[in-house]
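**Student:** There's a structure below that I have some questions on.
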Amino acid sequence: MTTATLDRLPAISLDDLIAQAPALTRIDRKYLVPESLVARLLGDLDSSARILEIDGEREFAYRSLYFDTPTLISFRGAGQRRRRRFKVRIRTYVASGESYLEVKTRGPRGATVKEREPYAATGHLDRWGRSYLEDRFENAGVTTPVSALEPVLLTAYRRATLSLGADRATIDTDLSWARPSGLALATSGLAVIETKAGSTPTALDRLLWRQGHRPLRMSKYGTGLALLHPDLPHLKWHRTITSHLANHLAA
């Protein structure tokens, strides 16, 4: 996104963002929209909206390494909407070099519960990391053995984060996926918008609805893995892949 687009909103610091909108247990709504629409959306938000700014920057590069079993239990669990599904990744904030081991599970009423701890971006799970995941899995009722997890997909993108009062939203661009073998795909001209709130839609959701955009089923992990492995089923992401992503990909 251009600097002019991101300068449309006042800034908020990371400490203030976390204090206003922790956003670890939430309902997520995801949208795929033309990147050219983002400036209009930001301009239409009310005066309470803020954009995260750190050291003068408003957009940040992310990398995430996802882990799954050889039979892709995490992929299939998400795609088939199983109750005890999970997602495990090492997320790296490229500018600062900070990394976290993150695990997502399902909480009451389908809410996403994300837990994380600082972790070295080594590309594998060490003894401490596996012990941490075993505790999180046990608490969430996930029975998949942590010992079976291995790296399967790397994602990269650029993100701007919005504070919408007690809610939060992210806008991701330049999204790409790569397999450990090196095969890669990238999107062009698309933005992934994700709102993170309670059961009540955010102001950004309502703006998107007025523009004709509705929440869709998308997972950076699920859609990326399906795109890079033609033998895998598209599962619940079929429409997203065929109708929204297929014409915006480059090797």
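**Student:** Report the extension gain between Glu134 and Lys114 in nm, rounded to one decimal, defined as 0.36 nm multiplied by the number of residues separating them, less their alpha carbon distance.
**Tutor:** Roughly 5.7 nm would be gained on extension.
**Student:** Given the C-alpha centroids of segment 72-89 and segment 183-251, what is the distance between them in whole angstrom?
**Tutor:** 17
**Student:** If you don't mind, another one. Each residue of segment 72-82 in order: what ³J(HN,Hα) in whole Hz does its phi give by Karplus 6.51 cos²θ - 1.76 cosθ + 1.60, θ = phi - 60°, with x for Gly and Pro?
**Tutor:** 3J(HN,Hα) across segment 72-82, in whole Hz: 6, 5, 5, 4, 5, x, 5, x, 9, 6, 6.
**Student:** Using all alpha carbons of the chain, what is the percent of pairwise distances in each 5 Å bin, ordered from the shortest bin to the longest?
**Tutor:** Binned Cα distances yield the sequence 1, 6, 13, 18, 20, 18, 14, 7, 3, 0.
**Student:** With a 10 Å cut-off between alpha carbons and a GNM built on the chain, which of Ser163, Ser74, Ser48 moves the most?
**Tutor:** Most flexible of the set in this elastic network: Ser48.
**Student:** May I pose another question? Express the relative contact order of segment 118-194 as a whole percentage, based on alpha carbon pairs under 8 Å and six or more residues apart in sequence.
**Tutor:** Once normalised by length, the contact order is 21 percent.
**Student:** Continuing with this model, one more query. Which residue fluctuates most in the GNM of the chain (Cα springs below 10 Å): Ile18, Ile90, Ile51?
**Tutor:** In the Gaussian network model the winner is Ile18.
**Student:** Ok, one more. I'd like to know how segment 40-107 sits against the 2.2 N^0.38 Å rule of thumb: what's its Cα Rg over that expected value?
**Tutor:** The reported ratio for this selection is 1.55.
**Student:** A follow-up question, please. Each residue of segment 90-102 in order: what ³J(HN,Hα) in whole Hz does its phi give by Karplus 6.51 cos²θ - 1.76 cosθ + 1.60, θ = phi - 60°, with x for Gly and Pro?
**Tutor:** Each residue's phi maps through the Karplus curve to give 9, 9, 10, 8, 4, 4, 8, x, 6, 10, 9, 8, 10 Hz.
**Student:** If we count every other residue with Cβ under 9 angstrom of Val152's Cβ, Lys/Arg +1 and Asp/Glu -1, where does the sum land?
**Tutor:** Here the count lands on -1.
**Student:** Modelled label-to-label distance, Gln80 and Arg127, 7 Å Cα→beta-carbon offset: nm?
**Tutor:** 3.5
**Student:** Pairs of Cα atoms under 8 Å, at least six residues apart: use those to get the relative contact order of the chain, whole percent.
**Tutor:** Worked out over the chain, it gives 25 percent.
**Student:** Could you derive backbone 3J(HN,Hα) for segment 191-203 from the dihedral phi with the Karplus parameters 6.51, -1.76 and 1.60 (θ = phi - 60°), listing whole Hz in sequence and x where the residue is Gly or Pro?
**Tutor:** Taking θ as phi minus 60°, the curve returns 10, 9, 9, 10, 9, 9, 7, x, 6, 7, x, 7, 4 Hz for segment 191-203.
**Student:** Right, here's the next one. Using a 10 Å cut-off around each Cβ, can you sort Thr223, Thr242 from fewest to most neighbouring Cβ atoms?
**Tutor:** The order, fewest Cβ neighbours first, is Thr242, Thr223.
**Student:** Sorted by mean Cβ packing within 10 Å, highest first, what order do the peptides 208-217, 144-153 take?
**Tutor:** 144-153, 208-217
**Student:** Same structure, new question: What ranking of Thr161, Thr92 emerges when the number of other C-beta atoms within 10 Å of each C-beta is taken as an exposure proxy, fewest first?
**Tutor:** Ranked by crowding around the Cβ, least crowded first: Thr92, Thr161.
**Student:** Here's something else I'd like to know. Using alpha carbons only, how many degrees (0 to 90, rounded to 10) separate the axis of helix 127-140 from the longest principal axis of the chain?
**Tutor:** The angle comes out near 80 degrees.
**Student:** Let me ask you something else. Please build a GNM for the chain, connecting alpha carbons under 10 Å apart, and tell me which residue among Gly189, Gly79, Gly56 fluctuates the most.
**Tutor:** Sorting by GNM fluctuation, first place goes to Gly56.
**Student:** Counting only Cα, what are the radius of gyration and maximum Cα-Cα distance Dmax of segment 131-247, in Å?
**Tutor:** 16.7, 47
All of the numbers you see were taken from the coordinates with simple rules; none came from a lab. The model shown is predicted, which means the values in this text are computed figures rather than measured ones. All Cβ positions, glycine included, derive from the backbone under ideal geometry; neighbour counts span all protein chains shown.
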